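Where a number appears in this text, it was derived from the coordinates with a stated rule and is not lab data. Model, not experiment: these values are computed from the prediction. FYI the Cβ positions are ideal-geometry reconstructions off the backbone, even for glycines, and counts take in every protein chain you see.
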Amino acid sequence: MDARRFAPGSRFPAVVDLAAEFDVAASTVQKAVAALRSEGRLRTVLGQGSFVADKEK
C-alpha cells in the first residue's frame with residue numbers, strides 16, 4: 001500500500017486482481033487484506049469493495 005501511496009478513500013484493488021498481479025494465491029491476498037483491515041488501514045463495504053481508510057481514523 002505504501003509503495004503505491006493510495007489516497008485515503010480510494011478504492012483498493014480486488015483480491016483476484018492483486019493475486020494475478022503478484023502471481024500469488026487469492027487466499028494469500030485475502031489474508032493480507034484481512035490484516036490491513038484489522039490494522040485499520042482498509043475498510044470494506046459489503047457489495048462495494050475495500051477502500052483505503054482515512055489516516056485520522
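Points worth noting:
- Mean ellipticity per residue at 222 nm, deg cm²/dmol - from DSSP H runs of n ≥ 4 across the chain, formula -39500 (n - 2.57): -11000 deg cm²/dmol
- Put simply, the amide H of Phe12, placed in the peptide plane, has neighbours under 5 Å in Ser50, Phe51, Val52, leaving out anything fewer than 5 places away on its chain.
- Assuming charge only on the beta carbon of Lys and Arg (+1) and of Asp and Glu (-1), the dipole of the chain about its Cα centre is about 200 debye to the nearest 20.
- Each label was represented as a point 7 Å from its Cα along the Cα-to-Cβ direction; for Arg5 and Arg37 these points are 2.8 nm apart.
- Using alpha carbons only, the radius of gyration of the chain set against its Kirkwood radius gives Rg/Rh = 0.95.
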